[in-house]
1. Among the numbered criteria (1) open to solvent by less than 40 Å² (accessible area, probe 1.4 Å); (2) more than 9 Å from every other protein chain (Cβ to nearest Cβ), which single criterion is violated by residue B:65?
2. Here are some residues: B:224, B:215. Which one is acidic (Asp, Glu), touching a helix residue (DSSP H, G or I) at 6+ places or on another chain (Cβ under 8 Å) and open to solvent by 20 Å² or more (accessible area, probe 1.4 Å)?
3. Take the residues of the range B:68-105 that are of a type in the set (D, E, K, R) and in contact with a Pro (Cβ under 9 Å, 6 or more places away or on another chain): which is farthest from the other protein chains (Cβ to nearest Cβ)?
4. Which residue out of A:98, A:106, A:83 is in a helix (DSSP H, G or I), within 14 Å of chain B (Cβ to nearest Cβ) and either more than 22 Å from residue B:113 (Cα to Cα) or touching a residue at least 12 places away in the same chain (Cβ under 8 Å) (or both)?
5. Every residue in the range B:111-125 that is open to solvent by 40 Å² or more (accessible area, probe 1.4 Å), more than 23 Å from residue B:196 (Cβ to Cβ) and facing chain A (nearest Cβ under 9 Å), please.
6. Somewhere in the range B:64-77, is a residue without any contact (Cβ under 8 Å) to a residue 24 or more places away in the chain, out of contact with any helix residue (DSSP H, G or I) (no Cβ under 8 Å at 6 or more places or on another chain), closer than 20 Å to residue A:202 by Cβ and assigned to a loop (DSSP other than H, G, I, E, B)?
7. Which residues, taken from the range A:14-47, are within 14 Å of chain B (Cβ to nearest Cβ) and crowded, with 17+ Cβ neighbours inside 10 Å?
8. Since residue B:98 meets every condition but one in (1) open to solvent by 10 Å² or more (accessible area, probe 1.4 Å); (2) over 27 Å from residue B:123 (Cβ atoms), which condition does it not meet?
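The values are calculated or read from the model by the stated rules, or taken from the named source; none is laboratory data. Only a predicted model underlies this, so the values are computations on that prediction, with no experimental measurement involved. Reconstructed Cβ throughout: ideal geometry from the backbone, glycine too, with neighbour counts over all protein chains shown. Just so you know, the surface numbers come from the protein's heavy atoms only, side chains and all, with ligands and any DNA or RNA stripped out. Shrake-Rupley method; radii C 1.70, N 1.55, O 1.52, S 1.80 Å.
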Amino acid sequence: MKPSTALRLARPGSTSDRRRFLLIAGSMAVASALLLAALHILRLPTDIGPRLGGIGEPLLPYSVEGRGLARYLTENDLRPGVVIAALLLTVPVLAFTVQALRVGSVARDRRMASLRLAGATPRDVRTVAAADAGGAALAGGLLGGPAYLLLWLLAGVLPPAGTRMLDTPDALDLATWAVLVPIAGIAGALAAAVIHGRAVVEPLGDPQLPQRPVVLQRRREHFVDEQGKVAVRGPQDVVGDVERRIVDCVIFG
Amino acid sequence: MTDHPAEPVLEMTAVEHAYRRTVALNGVSLTVEPGEVVAVTGPSGCGKSTLLHAAAGIVRPHGGSVALLGHDLAALDEAARTRLRRSRVGIVLQFGQLVPDLSVLENVALPLLLDGHDRAAAYTAAEAWLDRAGLDADRDTPPAELSGGQGQRVAVARALVTGPAVIFADEPTGSMDTIGGEHLLELLLGAATNRGAAVVLVTHDNVVAAHADREVRLRDGRVEAEAVLR
């Protein structure tokens with residue numbers, strides 16, 4: 001299958017496809033914005049401001065004074081906590097993205113079954129699913145930049161001075177964003193490929209569960225039946241049966 | 001590879017298959033020669049569809065062997081079986097099973113596109129088959145806007161577009177009226193006969209079965225009777 005065919009087949013066609021695309025793109029945008037914020041906070045200078053007041057007074061970072069940022073962002077001991085909190089916020093967002101990958105799965109499985117019947121191999125189906133999710137995640141990564149600007153407006157401009165969470169975006173934010181966009185796309189594509197790799201859609205639409213041959217099934221039923229006898233009558237009774245049969249054979253032939 | 005191999009296009013030997021405790025096929029053997037039209041008939045639940053799915057490599061039988069176009073299907077993995085199907089086998093099921101968000105033209109061209117053909121060439125071939133199926137005016141229509149009969153004709157065009165050596169059709173006229181069904185069979189069997197392709201036709205309808213060269217009647221997962229019709 002040519003890449004152009006994969007991209008055509010990955011294009012959202014139904015309402016549920018479009019909903020899935022929007023959910024994946026939206027959640028990836030939020031995750032990217034949070035990640036950009038965490039990385040920006042990580043780059044802030046710490047504890048380099050002038051000492052205010054007399055001896056014994058705590059250090060007041062100049063960034064707090066000059067840029068109106070919250071004090072805990074620039075204190076050596078507190079900043080890692082803030083960064084980890086921002087990263088932790090991405091976890092439920094990414095979990096939501098994984099759930100969004102499953103939106104409309106019944107209709108999509110039916111569509112994939114039609115593709116399989118038309119001649120798509122399991123690998124083709126995984127490629128289409130990866131292109132579908134990868135495209136949405138890539139769009140989410142691209143939207144991550146504007147989402148970060150929005151986050152900056154909400155957390156870095158609107159709050160009063162001294163309580164702001166984000167500093168003015170800089171060139172390094174732009175570079176980080178440029179790196180994040182393809183990573184988001186690849187992550188989305190890989191997640192979809194893994195999810196679809198586990199459940200290969202059959203041409204008839206239903207998973208072909210491995211069936212036990214009839215002979216094996218009967219042997220298993222016989223075994224279960226014998227186990228049932230042991231459970232119901234107790235092992236002594238069953239052994240007694242065998243002993244009785246041996247005695248019968250010896251005595252009566 | 002040739003389109004019309006001298007050896008049988010399909011050789012099924014003592015094929016067995018079960019769904020949990022229900023035995024669908026119980027030692028079925030069937031041979032189909034190139035260009036032959038075989039109707040598989042029998043009452044509901046006798047294993048007709050399972051036979052067709054096993055023959056096309058869609059279902060892996062639990063016992064026996066299936067050789068399709070000289071390939072032992074048990075020796076092929078899923079991807080290889082799929083590639084064999086899309087390049088040399090046509091499949092028509094009762095409800096078309098078209099891809100809902102693709103246009104009629106894209107649906108017909110799909111096997112060629114999946115096989116790596118050039119888009120322009122695939123579309124040209126698809127347009128030719130749509131023309132033969134009388135659907136050239138509906139090329140951009142989504143399948144949801146087609147009638148049942150039109151959908152089946154699209155499915156037949158899709159099955160024929162790759163120039164298959166064998167076509168498997170499972171109740172292709174099952175959802176159609178008598179006249180529509182006749183037209184569909186004319187299209188399917190006419191194209192197959194012109195190409196020398198074999199057709200395995202699963203049906204419970206004696207009128208449809210009468211179009212075949214040979215009838216194989218199943219009952220309870222076994223071949224009950226065989227009859228040469230022409």
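1. (1)
2. Just one listed residue meets the conditions, B:215.
3. B:88
4. Within the list A:98, A:106, A:83, the selection yields A:106.
5. Once the filter is applied, which keeps residues that are open to solvent by 40 Å² or more (accessible area, probe 1.4 Å), more than 23 Å from residue B:196 (Cβ to Cβ) and facing chain A (nearest Cβ under 9 Å), the range B:111-125 yields B:118, B:119.
6. Here is the first cut: in the range B:64-77, the ones without any contact (Cβ under 8 Å) to a residue 24 or more places away in the chain are B:71-77.
Restricting the remaining residues to those that are out of contact with any helix residue (DSSP H, G or I) (no Cβ under 8 Å at 6 or more places or on another chain) gives B:72, B:74-75, B:77.
Add one more test, that the residue is closer than 20 Å to residue A:202 by Cβ, and what stays is B:74-75, B:77.
Add one more test, that the residue is assigned to a loop (DSSP other than H, G, I, E, B), and what stays is B:77.
Within the range B:64-77, one or more residues are without any contact (Cβ under 8 Å) to a residue 24 or more places away in the chain, out of contact with any helix residue (DSSP H, G or I) (no Cβ under 8 Å at 6 or more places or on another chain), closer than 20 Å to residue A:202 by Cβ and assigned to a loop (DSSP other than H, G, I, E, B).
7. Result: A:17, A:20, A:21.
8. Every condition holds for residue B:98 apart from (2).
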